[in-house]
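> Before we start, here is the structure in question, set down as structure tokens.
Values quoted throughout were computed directly from the atomic coordinates according to the rules given, and no laboratory measurement underlies them. Source: prediction; values computed, not measured. Note that we place each Cβ from the backbone using ideal geometry, even for glycine, and neighbour counts take in every protein chain shown.
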Protein chains: 2
Amino acid sequence: MSPELARESTLGISGIKALTFDVFGTVVDWRTSMSAEGSRLGEAKGIQADWVAFADAWRGGYTPAMDSVRSGDLPWTNIDGLHRIILDNILDEFGIVSLTEEDRDEFNRAWHRLDPWPDVVSGLGRLKTDFLIATLSNGNVALLTNMAKRAGLVWDCVLSAELSGHYKPDPEVYMKAAQLLGLRTEQVMMVAAHPFDLRAAQAVGMRAAYVSRPLEFGPGTTPEQPDPEEFDVYTTDFLDLAKQLES
Amino acid sequence: MSPELARESTLGISGIKALTFDVFGTVVDWRTSMSAEGSRLGEAKGIQADWVAFADAWRGGYTPAMDSVRSGDLPWTNIDGLHRIILDNILDEFGIVSLTEEDRDEFNRAWHRLDPWPDVVSGLGRLKTDFLIATLSNGNVALLTNMAKRAGLVWDCVLSAELSGHYKPDPEVYMKAAQLLGLRTEQVMMVAAHPFDLRAAQAVGMRAAYVSRPLEFGPGTTPEQPDPEEFDVYTTDFLDLAKQLES
């Protein structure tokens with residue numbers, strides 16, 4: 001056995017070499033961050049609005065916008081571009097007309113400034129010692145890079161759906177990530193709070209770790225809870241994930 | 001002025017937000033690392049060879065191999081693939097016939113384990129506080145990511161020629177990097193020890209920082225020394241670069 005293969009066999013469970021992470025909801029609490037950004041903007045500009053509802057509406061436009069790209073109604077547009085299209089629509093819906101183009105660009109960049117869940121920074125620090133850790137998000141590279149720099153997320157590599165010209169859960173996204181990492185899909189574990197994302201990763205041969213984020217959509221909501229047997233690992237947060245993968 | 005624009009104006013010289021780094025020769029001392037890898041392999045396998053000459057020959061095959069991709073003689077092949085093709089050729093030239101396919105794959109991975117020049121880790125740490133720092137290498141994403149993890153290179157983002165399907169100095173590589181970072185080319189400074197790379201970056205509007213690496217090709221060689229006026233910054237190493245960009 002070559003030294004390289006011997007080294008690989010000591011890493012993690014069953015030959016996993018890399019963990020790829022969903023970001024919105026799994027790594028960062030977009031709802032709290034975007035509501036706070038809205039509130040600050042509202043105070044600065046004298047705009048009254050329900051900024052939590054505004055954040056939910058903005059995020060709610062995300063799947064339909066990606067579907068428009070997938071169907072060909074829109075040419076390839078990265079998430080910064082989609083977020084901006086959705087923003088213009090919901091500003092109209094909320095009757096907010098006073099924001100300039102510059103204000104809108106700046107508000108749109110709030111998606112680059114999302115705060116992580118409390119366990120994320122320490123959890124990633126632990127996971128990074130045994131695994132290559134990378135994003136695998138529908139967010140674009142610039143968004144993910146700026147977010148990581150601000151929040152101290154120590155990714156080994158920033159991977160994005162943008163690099164395949166497809167959005168998750170299209171299989172091209174997962175296959176491109178494994179290819180760029182120089183790994184077979186079974187050497188990569190997708191980490192996400194969303195079963196649809198994990199199922200798509202599994203469909204191309206990746207391993208899957210579910211992370212419960214019950215507050216993603218706010219208190220009183222009940223995100224889909226998968227069967228604990230459906231994925232390789234079922235965890236409560238990134239520290240729990242680190243503990244389960246170390247054992 | 002928006003808060004974002006105000007923040008940008010405090011960053012570095014003339015609105016530069018990101019530094020993109022050439023890697024082979026500029027960040028890492030490929031010649032010393034690859035010679036040492038060859039020596040270790042030779043001892044383990046009982047192979048006598050001039051491993052410094054072997055490293056030079058391997059590196060020497062790199063530009064012709066990229067030219068074969070550029071001309072269409074080879075389909076798109078990443079650097080791992082090109083390094084492997086070159087390796088098979090020079091093993092023949094050096095009369096080394098005893099390496100198995102597995103040995104060759106492992107030796108080829110030595111390019112993922114190159115050591116940085118002594119100033120690099122501390123220099124990047126300083127530069128990272130004021131700028132987004134990213135690779136922009138002909139090395140593939142996996143190679144650059146593995147190298148960074150092993151050597152402690154704290155890139156904010158790993159960018160590669162591989163993401164554009166072109167090799168430097170093709171303009172597509174530099175334009176793709178700026179686009180992925182969400183920046184205009186004039187907000188990005190290319191850092192390299194090779195004038196041809198800096199000239200190509202300047203041709204698409206990037207800024208350029210020259211770093212002198214007189215030992216890249218070994219003692220007694222004289223790499224091309226550009227006119228100090230040709231590029232925006234002319235530096236002796238990454239600590240000097242940090243100092244000049246901070247002033």
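> From zero outward in steps of 10 Å, how is the percent of C-alpha pairs of the protein assembly as shown spread across the bins?
The distribution over the protein assembly as shown is 4, 18, 28, 26, 16, 6, 2, 0, given as percents.
> In straight Cα distance, which lysines are under 22 Å from A:Lys176, not counting same-chain residues fewer than 8 positions off?
Counting by Cα, and skipping residues close in sequence, A:Lys176 has these lysines nearby: A:Lys17, A:Lys128, A:Lys168, B:Lys149, B:Lys168, B:Lys176.
> A further question follows. Give the aspartates and glutamates whose C-alpha is closer than 17 Å to that of B:Lys243, dropping any in the same chain fewer than 8 places away, or say none.
The reachable aspartates and glutamates, counting only those whose Cα sits under 17 Å from B:Lys243, are B:Asp119, B:Asp130, B:Asp232.
> Size of the dipole of the stretch B:30-112 about the Cα centre, Lys and Arg at +1 and Asp and Glu at -1 on the beta carbon, nothing else charged, in debye to 20?
My answer is approximately 260 debye.
> Further question on the same structure: Towards the positive end of the charge dipole of the stretch A:9-60, with charges on Cβ (+1 Lys, Arg; -1 Asp, Glu), say which of A:Ala44, A:Ser14, A:Trp30 has the farthest Cα.
Ranked along the dipole, the leading option is A:Ser14.
> Once all Cα-Cα distances of chain B are split into 5 Å bins that start at 0, what whole-number percent is in each one?
Percent of pairs per bin, in order: 1, 6, 13, 18, 18, 17, 11, 7, 4, 2, 1, 0, 0, 0.
> Can you work out the FRET efficiency for the pair B:Ser98 and A:Ser14, with r the C-beta to C-beta distance and R0 = 22 Å, to the nearest 0.05?
Calculated transfer efficiency: 0.10.
> Gap in Å between the Cα centre of the stretch B:65-128 and the Cα centre of the stretch A:26-60?
One Cα centre to the other: 48 Å.
> Just how large is the dipole of the stretch B:110-166 about the Cα centre, in debye to the nearest 20, putting +1 at every Lys and Arg Cβ and -1 at every Asp and Glu Cβ?
Computed charge dipole of the stretch B:110-166: roughly 160 debye.
> Hey, got the dipole for the stretch B:85-219? About the Cα centre, +1 on K and R Cβ, -1 on D and E Cβ, debye to the nearest 20?
Details: 13 positive and 18 negative charges, 159 e Å.
Computed charge dipole of the stretch B:85-219: roughly 760 debye.
> A further question on this structure: With label points built 7 Å along Cα→Cβ from the Cα atoms of A:Met175 and A:Glu43, find their separation and express it in nm.
5.0 nm
> Stick to the Cα atoms of the stretch A:202-246, pair each with every other, and give me the Kirkwood hydrodynamic radius in Å at one decimal.
Roughly 11.7 Å, rounded to one decimal.
> Now for a different question. With the cut-off at 16 Å, report for the stretch A:30-112 the share of all Cα pairs above it, as a whole percent.
On the way: 1660 of 3403 pairs.
Counting pairs separated by more than 16 Å, the tail of P(r) holds 49 percent.
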